[in-house]
Amino acid sequence: MTGAEVLDIATQGIWTLLIVSLPMMLVGLLVGVVIALFQALTQIQEMTLVFVPKIIAIFVTMLIALPFLGATMAAYMDRVVDMIIMGS
């Protein structure tokens, strides 16, 4: 396996990581901004208020996006296994 092939696998792995983590990160960001706006408007400055809604939103997003996430990771694994089997 050459250095270029290793870099190709690493690049594909990083892109797969970004694609898989993006839905949860975006939902966490949006929920955090909405709750921060709510806290600013109501002047409720409770530090723990953010965590429970954010955890629930990320969990629901993960359940909804699970087929997409699994397919994305399986496609990456198929590419890696094919490269291992081909010996290149």
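General remarks:
- Candidates Ile64, Ile14 - the one that is modelled with pLDDT of 95 or more, closer than 30 Å to Ile84 by Cβ, in a helix (DSSP H, G or I) and of a type in the set (A, V, I, L, M, F, W, C): Ile14
- Complete set of residues in region 52-83 that are surrounded by 11 or more Cβ atoms within 10 Å (Cβ to Cβ) and more than 17 Å from Leu22 (Cβ to Cβ): Pro53, Ile55, Ile56, Met77, Arg79, Val80, Met83
- Top-ranked residue of region 11-24 - restricted to ones that are among the hydrophobic types (A, V, I, L, M, F, W, C) and surrounded by fewer than 13 Cβ atoms within 10 Å (Cβ to Cβ), ranked as nearest to Ile58 (Cα to Cα): Leu22
- Residue check, Val31 among the aliphatic types (A, V, I, L, M) and touching a residue at least 60 places away in the same chain (Cβ under 8 Å): no
The values are calculated or read from the model by the stated rules, or taken from the named source; none is laboratory data. Treat the numbers as computed from the prediction; the structure is a model and nothing was measured. When we count neighbours, we look across all protein chains shown, and the Cβ atoms used for this are built from the backbone with ideal geometry, even at glycine.
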